[in-house]
1. Would you confirm whether or not the stretch 44-57 contains a residue that is among the charged types (D, E, K, R) and assigned to a strand (DSSP E or B)?
2. Which residues, counting only those in the stretch 33-56, are farther than 30 Å from Glu5 by Cβ and either of a type in the set (Lys, Arg) or more than 16 Å from ligand 1 (Cβ to nearest atom) (or both)?
3. Can you name every residue in the stretch 94-106 that is part of a loop (DSSP other than H, G, I, E, B) and in contact with a strand residue (DSSP E or B) (Cβ under 8 Å, 6 or more places away or on another chain)?
4. Counting only residues that are in a strand (DSSP E or B) and more than 16 Å from Val129 (Cβ to Cβ), which one in the stretch 64-93 is nearest to ligand 1 (Cβ to nearest atom)?
5. Looking only at residues that are β-branched (Val, Ile, Thr) and at pLDDT 95 or above in the stretch 112-140, which one is nearest to Pro54 (Cα to Cα)?
6. Yes or no: Asp110 within 16 Å of ligand 2 (Cβ to nearest atom) and in contact (Cβ under 8 Å) with a residue 12 or more places away in the chain?
Amino acid sequence: MKRIELILATWGQAKGAIAMNIFKISFISALSLMVSFCASTAQANIAPLADAGPDQTVLENSWVTLDGSGSFDPDADAITHSWTQTSGDSITLDLSDPIYPSFTAALAGDYSFELVVSDDSLSSPADEVRVTVEIPEPATLVMLTLGGLSLIRRRK
Ligand SMILES: [Ca+2]
Ligand SMILES: [Ca+2]
């Protein structure tokens, strides 16, 4: 019997994109056929992208919240956030919400952190965020003190 071959294409959704799968059907005999997979246009997994949020300048002793909410995966996979401090005095981040970690800026100085996000199998390149912690301006303190004095005088 002469061998007959048919090409069959199917369409379906994969990772949010339309994928086409191509099969070859070979009729080997009147009673048996063989289906072989040839090709697929299904997209491979794409790595997510990290966004560690805007750089911040804060006053000493303030509560700082980092913002990793701009991170995303191009094919809409769920992602996990992982933060690492890369410079500055050692800080313990409160990671109870890993998208928005926070800490108290107890010491003035420059701090930087890196965010890496991962889907099931791929990790993003790291994105950096810098936090500058400043000591309050002495001028502000003097004005506050003077303001307090004038309040006391007015009360007399
Ligand atoms: Ca992905
Ligand atoms: Ca950044």
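The values are calculated or read from the model by the stated rules, or taken from the named source; none is laboratory data. If you're wondering where the values come from, they're calculated on a predicted model, not measured in any experiment. FYI the Cβ positions are ideal-geometry reconstructions off the backbone, even for glycines, and counts take in every protein chain you see.
1. no
2. Residues satisfying the conditions are Ala52, Gly53, Pro54, Asp55, Gln56.
3. Of everything in the stretch 94-106, those that are part of a loop (DSSP other than H, G, I, E, B) and in contact with a strand residue (DSSP E or B) (Cβ under 8 Å, 6 or more places away or on another chain) turn out to be Leu95, Pro98, Ile99, Tyr100, Pro101, Ala105.
4. Within the stretch 64-93, the match that is nearest to ligand 1 (Cβ to nearest atom) is Phe72.
5. Val129
6. Judged against the criteria, Asp110 is a match.
The rows are residues; the columns are (1) over 25 Å from the mean Cα position of the chain (by Cα); (2) touching a residue at least 40 places away in the same chain (Cβ under 8 Å).
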| position | (1), (2) |
| --- | --- |
| Ala9 | yes, no |
| Ala50 | no, yes |
| Gly53 | no, yes |
| Thr65 | no, no |
| Ile79 | no, yes |
| Leu93 | no, no |
| Ser96 | no, no |
| Ala105 | no, yes |
| Ser123 | no, yes |
